[in-house]
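Asks: Dumping the structure here so I can ask a few things about it.
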Amino acid sequence: MSSNDSIWCIQADDDAPAHVLEYLNNPSNFCTFSQGLTELIVKYGYHEPPLDLDAKTSFVLSKLSLTGASVSRSTVKDWFSDKHRPAFASNSRTLMFRLCFALSASCSDVIWFFHRVYFDRCFNCHTIEEAVYYYCFSNGLAYPHAESLLEQIDSYPAVPVCHTASHVYTTDIRNRLDECTNDQQLLDFFQENKSIFTEWNKSALRYIKQYVTDIQGRQKDKEVIKAWRAGKTILPAECRDCSLIIQEYLFCRSGDRLDYIRGRNITSIDFMLDRMILIYSGLHKATSIPAIVKTNFPSKRTFSDILNNSETLTSYDSIRKCLILLKFYHFWVNLLLNPASADYSLFDVFQEETNALLTSCGYDELYSGNPYDWLFLWASTTEHPLNALRGVLSTLEESA
């Protein structure tokens with residue numbers, strides 16, 4: 001059964017959280033980093049047995065040495081034994097690019113490896129380094145060539161340009177890079193535009209801020225809650241003027257979740273996350289769920305890092321995960337508050353809108369082979385997506 005089929009095979013009943021966690025924790029249901037890396041090296045020169053751990057380790061180390069990369073044998077061996085996978089950090093990203101250079105991988109295979117194996121953004125062309133990498137992979141150029149180009153670009157002064165950096169998005173830069181047919185054109189581009197390579201994640205930050213503005217509690221919501229508690233009638237227009245988490249609170253008006261609001265700062269990020277997914281501190285290290293889900297799981301700290309440092313934050317995984325969560329809640333809570341009867345599939349609409357959002361921010365579309373994405377895709381197939389997701393996360397918290 002493919003991962004695309006699997007999201008439809010677990011019914012949203014009382015046993016759903018247990019079945020979901022069982023599926024997520026079964027290694028055979030998802031391609032591991034070891035499996036994906038093995039597939040890549042087999043395609044590019046590895047001819048020993050695919051299960052030979054030592055042979056694969058030696059092969060990768062010999063390839064990486066061609067780029068001058070410093071990595072221990074135990075680290076590479078851990079990749080192939082799935083004890084550890086490369087972190088979502090700038091130094092690990094550079095190492096993954098160097099490995100792809102060493103293998104002489106095609107540009108399409110580099111993108112596949114980052115999206116489907118490493119599970120991170122590929123080619124952030126708003127950084128000089130990765131823009132040059134993109135140009136080199138697109139033109140079949142080796143790592144030493146990339147280094148030479150970077151050395152020349154590093155010597156250029158950052159001359160101010162007539163347009164502001166805030167108007168230049170990563171997709172614009174990538175389109176310009178596609179127009180460069182030789183090194184001189186590339187170098188001319190950087191000599192003229194080096195100053196725009198100072199900020200990135202502009203599109204993602206804009207969307208995240210907008211979603212948080214719509215969802216997060218506001219000071220004026222307190223008066224509406226106070227009036228409701230006093231037994232006053234809340235007009236529909238007054239309710240619609242509230243944040244989405246407060247609108248959902250007033251819409252539900254029953255169950256234990258109503259008690260959570262007492263004594264809380266409704267304008268805080270932790271309250272927002274608590275209302276959205278019942279947790280605000282992320283997933284505990286002891287939580288029984290794949291590391292790819294736990295790592296950078298949206299939390300109060302994650303949102304603080306993104307909102308305060310988004311222009312230069314290199315943890316693309318955390319940004320993407322927050323975008324998916326915010327879009328998920330924004331989409332499904334709006335349908336809860338304003339039910340729509342339609343002949344089309346709401347799941348398809350959610351998937352298409354989320355994919356468009358991620359693509360516009362330079363990220364990969366939802367992929368059911370990624371356990372984090374799978375969780376949100378599965379919840380979106382159920383009759384009550386918000387409750388389905390909360391049920392799984394609540395079960396995780398109780399078992400941690």
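Asks: Please work out if Gly362 is open to solvent by less than 40 Å² (accessible area, probe 1.4 Å), on the phi > 0 side of the Ramachandran plot and either free of Cβ contacts under 8 Å to residues at least 24 places away in the same chain or in a loop (DSSP other than H, G, I, E, B) (or both).
Replies: Yes, satisfied.
Asks: Oh, and also: Read through the list (1) modelled with pLDDT under 95; (2) on the phi < 0 side of the Ramachandran plot; (3) surrounded by 14 or more Cβ atoms within 10 Å (Cβ to Cβ), then give the number of the only condition that Asn201 fails.
Replies: With respect to (1) modelled with pLDDT under 95; (2) on the phi < 0 side of the Ramachandran plot; (3) surrounded by 14 or more Cβ atoms within 10 Å (Cβ to Cβ), Asn201 is out only on (2).
Asks: If you don't mind, another one. Answer yes if at least one residue in segment 342-349 is part of a helix (DSSP H, G or I) and open to solvent by less than 10 Å² (accessible area, probe 1.4 Å), and no otherwise.
Replies: Pass one, segment 342-349, residues part of a helix (DSSP H, G or I): 346-349.
Next cut, open to solvent by less than 10 Å² (accessible area, probe 1.4 Å) only: none.
No.
Asks: Of everything in segment 36-84 that's touching a Ser or Thr at 6+ places or on another chain (Cβ under 8 Å) and open to solvent by 40 Å² or more (accessible area, probe 1.4 Å), which residue is nearest to Val110 (Cα to Cα)?
Replies: Top of the filtered list is Tyr44.
Asks: Still on this structure, I have one more. Given the residues Phe350, Phe297, Phe271, which is the only one that is under 30 Å from Glu129 (Cα atoms) and modelled with pLDDT of 90 or more?
Replies: Phe297
Asks: Regarding segment 4-14, can at least one residue be identified that is closer than 30 Å to Ser394 by Cα, touching a helix residue (DSSP H, G or I) at 6+ places or on another chain (Cβ under 7 Å) and either open to solvent by 90 Å² or more (accessible area, probe 1.4 Å) or polar (S, T, N, Q) (or both)?
Replies: So far as segment 4-14 goes, yes, one or more of its residues are closer than 30 Å to Ser394 by Cα, touching a helix residue (DSSP H, G or I) at 6+ places or on another chain (Cβ under 7 Å) and either open to solvent by 90 Å² or more (accessible area, probe 1.4 Å) or polar (S, T, N, Q) (or both).
Asks: A further question on this structure: Answer yes or no as to whether Arg264 is more than 22 Å from Ala131 (Cα to Cα), surrounded by fewer than 16 Cβ atoms within 10 Å (Cβ to Cβ) and within 33 Å of the chain's Cα centre (by Cα).
Replies: yes
Asks: Separate question: Kindly provide the set of residues from segment 101-116 that are hydrophobic (A, V, I, L, M, F, W, C), over 11 Å from Leu37 (Cβ atoms) and in a helix (DSSP H, G or I), ordered by number.
Replies: Phe101, Ala102, Cys107, Val110, Ile111, Trp112, Phe114
Asks: With the structure loaded, tell me whether Leu335 is of a type in the set (A, V, I, L, M, F, W, C), part of a helix (DSSP H, G or I) and open to solvent by 20 Å² or more (accessible area, probe 1.4 Å) or whether it fails that test.
Replies: Values: of a type in the set (A, V, I, L, M, F, W, C): yes; part of a helix (DSSP H, G or I): yes; open to solvent by 20 Å² or more (accessible area, probe 1.4 Å): yes.
Here the answer is yes, as Leu335 does meet what is asked.
Asks: Would you tally the residues in segment 260-307 being among the charged types (D, E, K, R) and under 17 Å from Cys242 (Cα atoms)?
Replies: 2
Asks: Report yes if some residue within segment 204-212 is closer than 18 Å to Ala146 by Cβ and either among the acidic types (Asp, Glu) or within 24 Å of the chain's Cα centre (by Cα) (or both); otherwise report no.
Replies: no
Asks: Which members of segment 105-135 meet the condition of being more than 22 Å from Tyr169 (Cβ to Cβ), open to solvent by less than 50 Å² (accessible area, probe 1.4 Å) and over 17 Å from the mean Cα position of the chain (by Cα)?
Replies: Result: Ala105, Ser106, Asp109.
Residues checked against (1) surrounded by 14 or more Cβ atoms within 10 Å (Cβ to Cβ); (2) within 18 Å of Val333 (Cβ to Cβ); (3) of a type outside the set (S, T, N, Q):
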residue: Tyr169; (1), (2), (3): yes, no, yes
residue: Cys180; (1), (2), (3): yes, no, yes
residue: Gln191; (1), (2), (3): yes, no, no
residue: Lys226; (1), (2), (3): no, no, yes
residue: Arg229; (1), (2), (3): no, no, yes
residue: Ile234; (1), (2), (3): no, yes, yes
residue: Arg240; (1), (2), (3): no, yes, yes
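Asks: Restricting attention to segment 275-294, and to residues there that are of a type in the set (A, V, I, L, M, F, W, C) and crowded, with 18+ Cβ neighbours inside 10 Å, which single residue is farthest from Leu250 (Cα to Cα)?
Replies: Ile292
The values are calculated or read from the model by the stated rules, or taken from the named source; none is laboratory data. As the structure is a computational prediction, the values presented were derived from the model and not from experiment. Please note: Cβ atoms are built from the backbone with ideal geometry, for glycine as well, and neighbour counts cover all protein chains shown. Accessible surface is based on the protein model in full, side chains and every heavy atom, while ligands, DNA and RNA are left aside. Shrake-Rupley method; radii C 1.70, N 1.55, O 1.52, S 1.80 Å.
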